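What follows is a short report on a single structure.
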Amino acid sequence: MPRTSSGKKVTNNKKVNKKDVTKLLSQWSQEFTVFVPWRDTGVAKWAKWDGKDTSFLDWYRNTVVPPKAIFLPQMEEMFSFQKDKEGYHIELPASDEQKWLIFGVRPCDAKALAILDMTFNDAYEDPYYLAKRNSGVLIGLGCAKPRDSCFCTSLDSSPTDSTNVDLMLTDIGDELLVEAITDKGKELMAKTSLAQAATEADEARAKEVKEASYGKVTRKIDTKGIKEKLLSCFDNKDYWEKIAAKCISCGICTFLCPTCYCFDINDELVKNQGERFRSWDSCAFPLYTKMPMENPRVEKWRRLRQKVCHKYEFYPINFDVIACTGCGRCIRLCPVNWDITQTLDNLPAEEKLKLEK
Ligand code: SF4
Ligand code: SF4
């Protein structure tokens with residue numbers, strides 16, 4: 001194993017001093033639009049880096065608004081149109097050619113992007129989403145302080161899961177340990193002189209941090225057979241009514257869920273010109289599923305059932321993956337303390353029994 005000039009054994013990974021993160025982001029800004037966690041009037045979201053502020057390294061646990069908003073903005077122009085004697089003329093919005101780099105995404109949110117890709121790059125390829133999503137780098141930052149609402153370890157992930165990122169960072173004190181996960185990540189690190197080889201002691205510290213953060217995720221759910229359990233109690237109106245009783249249909253749990261993607265499309269027309277745009281919508285809203293014949297989810301319990309079953313039953317049927325990452329936002333941010341883990345834990349016993357027979 002190679003050694004540093006002071007004789008310490010080094011590994012294949014790198015490390016970057018936190019004091020050099022500003023310089024590192026400045027270098028990357030030459031090639032990418034860099035996104036970092038940002039507090040906008042107190043609410044943590046993703047924003048384009050301002051070229052100097054790296055204070056998020058101290059305060060950031062996770063953003064309230066997930067990174068899906070970068071690729072599926074809350075409101076997005078699809079095209080503008082103009083009518084004249086010859087008919088309608090359509091103009092597409094200018095596309096941003098700059099590649100993006102997201103610095104510090106949590107493993108749960110990186111996984112959520114991979115889940116969203118399944119929807120937007122399936123039988124129908126969404127050109128707006130894919131134009132943005134296809135050209136960037138994801139830099140993960142392990143979660144040292146998971147919240148009590150987090151349950152990622154019940155969903156094949158962990159606070160330090162590097163599966164869906166190009167580079168994975170672990171906070172080891174004054175420095176960040178850097179693991180290159182993909183070729184893209186390796187290329188990025190090869191271009192900078194700000195990183196040094198990590199030593200065996202750095203790796204040992206990172207291991208400790210990872211184990212400690214894993215242990216801090218104390219909320220657990222049992223996902224074994226969850227799809228079948230939900231299927232078996234799909235028509236249990238009493239259960240879903242009880243579960244939905246306190247919900248006020250505010251939509252927060254869907255707007256801020258990193259894997260929810262429902263949107264509505266509208267035209268805004270002034271005289272002979274206008275814009276078609278899409279904006280986030282929510283299955284929690286009574287008007288969301290309004291159709292010419294009828295609304296199949298008039299009652300609140302049907303809408304809440306939809307949210308749960310979409311994630312834990314329908315998505316696994318379609319894509320073989322649970323569309324929940326255990327990020328805990330829907331638990332943390334619900335104004336009436338509705339809790340998806342309680343809903344899943346308390347599925348009616350008789351329904352579970354039917355399955356076991
Ligand atoms: S955040 Fe809570 S109250 Fe609002 S729709 Fe979701 S479950 Fe209902
Ligand atoms: S359902 Fe809740 S815990 Fe799961 S990904 Fe969405 S917001 Fe996170």
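The values are calculated or read from the model by the stated rules, or taken from the named source; none is laboratory data. If you're wondering where the values come from, they're calculated on a predicted model, not measured in any experiment. Cβ: placed from backbone, ideal geometry, glycine included. Neighbour counts: every protein chain shown. Ligands, DNA and RNA are stripped out before the accessible areas are found, and what is left, the full protein with its side chains, is counted by its heavy atoms. Shrake-Rupley method; radii C 1.70, N 1.55, O 1.52, S 1.80 Å.
Listing for the model above:
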| quantity | calculated |
| --- | --- |
| Flag if Ile102 is open to solvent by 30 Å² or more (accessible area, probe 1.4 Å), in contact with a strand residue (DSSP E or B) (Cβ under 7 Å, 6 or more places away or on another chain) and of a type in the set (A, V, I, L, M) | no |
| Answer residue from the stretch 207-227, given it is of a type outside the set (Asp, Glu), part of a helix (DSSP H, G or I) and without any contact (Cβ under 8 Å) to a residue 12 or more places away in the chain and is farthest from ligand 2 (Cβ to nearest atom) among those | Lys207 |
| Odd one out for Gly173, checked against (1) within 16 Å of ligand 2 (Cβ to nearest atom); (2) touching a Lys or Arg at 6+ places or on another chain (Cβ under 8 Å); (3) part of a loop (DSSP other than H, G, I, E, B) | (1) |
| Residue that is farthest from ligand 2 (Cβ to nearest atom), among those in the stretch 248-304 that are of a type in the set (S, T, N, Q) and assigned to a strand (DSSP E or B) | Gln273 |
| Subset of the stretch 59-102 [on the phi < 0 side of the Ramachandran plot, free of Cβ contacts under 8 Å to residues at least 12 places away in the same chain and over 22 Å from the mean Cα position of the chain (by Cα)] | Lys85, Glu86, Tyr88, His89, Ile90, Ala94, Glu97 |
| Count - residues of the stretch 13-30 that are open to solvent by less than 60 Å² (accessible area, probe 1.4 Å) and touching a residue at least 60 places away in the same chain (Cβ under 8 Å) | 10 |
| Elements of type helices (runs of 4 or more DSSP H) contained in the stretch 1-77, each with 2 or more residues being aromatic (Phe, Trp, Tyr) | 56-59 |
| Test set (1) open to solvent by 30 Å² or more (accessible area, probe 1.4 Å); (2) near ligand 1 (Cβ under 10 Å from one of its atoms) - Cys334 fails condition number | (1) |
| Residues within the stretch 242-287 that are hydrophobic (A, V, I, L, M, F, W, C) and within 10 Å of ligand 1 (Cβ to nearest atom), tallied | 13 |
| Residues located in the stretch 176-190, provided they are not charged (D, E, K, R) and not in a helix (DSSP H, G or I) | Leu176, Leu177, Val178, Ala180, Ile181, Thr182 |
| Flag if Leu155 is in contact with a strand residue (DSSP E or B) (Cβ under 6 Å, 6 or more places away or on another chain) and open to solvent by less than 40 Å² (accessible area, probe 1.4 Å) | no |
| Subset of the stretch 314-331 that is open to solvent by less than 30 Å² (accessible area, probe 1.4 Å) and either of a type in the set (A, V, I, L, M) or assigned to a helix (DSSP H, G or I) (or both) - its residue that is farthest from ligand 1 (Cβ to nearest atom) | Pro316 |
| Any hit, the stretch 228-244, residues being in a loop (DSSP other than H, G, I, E, B), within 16 Å of ligand 2 (Cβ to nearest atom), touching a helix residue (DSSP H, G or I) at 6+ places or on another chain (Cβ under 8 Å) and touching a residue at least 24 places away in the same chain (Cβ under 8 Å) | no |
